1. Per-residue HN-Hα couplings for the range 159-176, Karplus 6.51 cos²θ - 1.76 cosθ + 1.60 at θ = phi - 60°, whole Hz, x for Gly and Pro?
2. Which one of Val164, Ala123, Gln183 is farthest out on the positive end of the charge dipole of the range 116-190, using unit charges on Cβ (Lys, Arg +1; Asp, Glu -1) and the Cα centre as origin?
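A short reminder: the numbers here are calculations on the coordinates, not readings from a lab. All values reported here derive from a predicted model rather than from experimental measurement. Counting neighbours? That spans all protein chains shown, and the Cβs are built from the backbone with ideal geometry, glycine included.
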Amino acid sequence: MGEEPELIDRALHGDRAAFTRLVEINQDRLYASMVQVTGSPDEAEEVVQEAFIRAFIKLDTFHQNSQFFTWLYRIAFNSALTRRRRKRARVSLDQFREQSGIEISDESADAVDEPMLQQERIAMVRSAMGKLTDEHRSILVLREMEERSYETISEILDISIGTVRSRISRARAQLKLALEAIQRSEESPS
């Protein structure tokens with residue numbers, strides 16, 4: 001990270017190789033983060049590409065009082081939310097099973113191996129996350145999946161730390177309700 005301030009200065013003065021180096025330093029980490037945010041490797045790739053283009057265009061607005069990655073993450077995160085709002089397609093648990101090929105059998109729990117149970121839990125959480133508002137989903141991704149600090153979340157979302165805390169609390173409560181509803185629907189006979 002010690003080289004980033006110099007690379008930013010060089011990029012601001014038209015050195016494209018310096019910006020290319022900034023991309024190389026940050027692309028894998030940003031991609032991994034956006035896979036968590038979007039839930040899709042293809043979508044994450046598009047978001048990351050879009051973020052780097054926007055960062056290149058707006059590099060002169062970057063204030064070096066924060067980390068370059070945090071600024072870049074914010075651009076990508078906002079892009080992912082905008083794309084999500086446009087699509088507004090919700091993937092149900094059944095659709096997830098169809099797309100992933102994961103089928104949960106009706107055999108006894110002893111016959112189901114641990115990886116299958118883990119996949120079922122992941123599918124349930126994804127489905128429940130899909131039922132949350134963008135505001136609640138995004139804050140849970142940042143805190144629980146990305147393990148971001150309250151301060152970093154505050155900076156990324158441009159809200160106060162108090163608002164971060166209250167949104168996380170409300171989001172966790174909503175996620176719990178969504179998970180309980182999914183479990184009830186799976187337990188009830190068809």
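1. 9, 6, 5, x, 5, 4, 4, 5, 5, 4, 4, 5, 5, 4, 5, 5, 4, 4
2. Farthest towards the positive pole: Gln183.
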